[in-house]
Structure formats: C-alpha cells, structure tokens
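The values are calculated or read from the model by the stated rules, or taken from the named source; none is laboratory data. Keep in mind the model is a prediction, meaning the values are calculated, not measured. We place every Cβ from the backbone using ideal geometry, glycine too, and count neighbours over all the protein chains shown.
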Amino acid sequence: MLNAWNERLGSWRVDWANQDKWHRQLEQLEQERSGMQEEAEQWLELLKKGQRDVDQLTRMSISNLFYTMLGKKANQLDEQQKEVVEATLKYDEAAKTVTDMSREIIDLEDKLRDLGNLEAEYTLIIQEKERLIHDTNSPMSQAIYEVVELLAEARGYLREVNEAIAAGDGVLHSLYLAQDSLGSAGRWGAWDMLGGGMISTAIKHSRINDSKEHIHDAQRRMRHFHKELKDIERHIEVHFDTGGILKFADFFFDGLIVDWVVQGRIRNSEEQVVTYSRKIAKIMEQLRTERGSWDNRLVILQKEYTTLIEEAK
C-alpha cells in the first residue's frame, strides 16, 4: 500500500511540475509567435516594395535564389540584390518559425488538456497519506513522508535535467549537420574556383541550402533547450548564458547575406557553427555534472527511506 501511494505521489508531482512548466511555455510561446509574425510581415513588405514576384521568391531554394539574382558565374551582389536576398531569406526563416511555434502551441494545449484535474487528485493523495500515518498496521510515519517528499523532488529535478540534456543533444545534432553541409559546400566551392563548372556550382549551392535548413532546425531546438534550462535555473546557481545562442540564425544569415557564393563567406559561416557548437557542448558538460551529483543524492535518499521502512516494521 505504501509503495503504491509513493508511486502515485511521484506521478502526481511529475504532472504538477509539467502543468506549471507547460503553462509558462505556452504563455511565452504565444508572445514570441506574435513578435515573429510581425517580423515576417515586415520582411514581406520589403519584398513587396521591390515590386518583385514575392510568391516565386519565397518558394525558392538558396540555389535557385542565387541563380536568379546572380547568374551562374557572378560572385558579387549589388546593393539592391543584397536587400532582396536578405528580405527573402529572413522572411523564409521567420515564416517557418511562426509555423513551428504554432505547432508547439497546439502540442502544449493538448498536453495540458490531458492532465485532468490535478487539484482534486492531490486532495485524495493527502487524505490517503493521513490515513496511512494513523493506521497502526502501516509503517507510514511523518519521517517517512518527509523522505518520500525529498525523493519525489529529487526524481522530478533529475527528470528536468535529463530533458534539458536531451534537448541540448538535439541542438548539437543539428549544428553538426550544418557544419558538415558547410564543410562540403566549402570543398565544392574550392573545386568551383578551379574551374569545376556548373555541376560543382550547383552542388555547392545545394549544400548551402542544406545548411540553412539545419540552422533553422537548430534554432527551433534552441528555443526548446533554452526553456528547459530556465526551468532548472530555479534550482541551481549556475547561470546558463543562452541569449546570443537564441539569435544564432540571425547571425548566421547576416554573415552570409553579403555574398554567399564567395568562398571565404562559407568558411566564416562554418566557423560560426563550430563556435556555437562549443558553447552548447560546454553547457552540456555542466548539465551532466549536475545530473551526476543529483544521482548520488537520490541514492542516499533511497537508502534513508529503506532504513526507515525496515525500522518501522
């Protein structure tokens, strides 16, 4: 009976923590989506002012965009072309981000709806606790209850740390894919400079297009990672500086918009990805250290719980 109650309390604590977290995330996401919608509309207006075929531009891959703006062999953008490229790429990123956020909002609303009435569930759990404490046939005591509370808290926090680690691993995965794509683009670009022709140029642009998609995915994952870090910041003193990381896609675009076909720009962008990968990896190292210390704390609490149960029998 006591073990069943223990598991029930632990499950309720997970749901309660999730409810609190998902409410905060939902509110923040709705604000962020509103701001991103405004940003997308601003870039779209700039495109419309250029009196260009907006629908055609916003559907283009990077390869097609550059062929359209530059031709096959040009390697410089004039000022008007830079503005069009910037507006097209940043509108595309903002519009995709709005879509991502809308999906995340729907997912959070579904999760919250599935939780049910947690306040009523907690009332029943507390009533059962009181009954077990006063039941002479139960080993339950106030001391055991306090340890059970600490165990539930430790398990809940470890769950949050593990969720942050999983989110961070996702960010790193996307950044590594972007780094690989840019490295490939650089190698094909070097061949292109030696006279590789249309095929090498096309492959280079295709690899850059791949890297753009990976950066978008990394940015989406970074938003989730940032929110997971904010949750555990309330429990520990370590400060995770993710402000710049959240704007990484903007930095990535700004570094390339000037001229994406110049070889040096590809290399610079690859270096940016490496820099941010290292920043994330450093945070991941801190998280794994934190997880190790709480794993040890959980072992100690479990031993204390077992001792109290054995002594109560």
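Overview of results
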| read-out | value |
| --- | --- |
| Whichever residue in the stretch 25-46 is free of Cβ contacts under 8 Å to residues at least 24 places away in the same chain and not acidic (Asp, Glu) and, among such residues, is farthest from residue 153 (Cα to Cα) | 42 |
| Restricting the stretch 3-41 to residues that are aliphatic (A, V, I, L, M) and closer than 28 Å to residue 146 by Cβ, the residue that is surrounded by the fewest Cβ atoms within 10 Å (Cβ to Cβ) | 4 |
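Residues are listed down the side, and each one gets a yes or a no for (1) hydroxyl-bearing (Ser, Thr, Tyr); (2) over 16 Å from residue 18 (Cα atoms); (3) touching a helix residue (DSSP H, G or I) at 6+ places or on another chain (Cβ under 7 Å):
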residue	(1), (2), (3)
123	yes, yes, no
130	no, yes, no
151	no, yes, yes
154	no, no, yes
157	yes, no, yes
163	no, no, yes
170	no, yes, yes
175	no, yes, yes
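To keep it simple, each residue is scored yes or no on (1) assigned to a helix (DSSP H, G or I); (2) among the basic types (Lys, Arg); (3) modelled with pLDDT under 85; (4) touching a His at 6+ places or on another chain (Cβ under 6 Å).
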position	(1), (2), (3), (4)
100	yes, no, no, no
109	yes, no, no, no
112	yes, no, no, no
125	yes, no, no, no
131	yes, yes, yes, no
137	no, no, yes, no
150	yes, no, no, no
154	yes, no, no, no
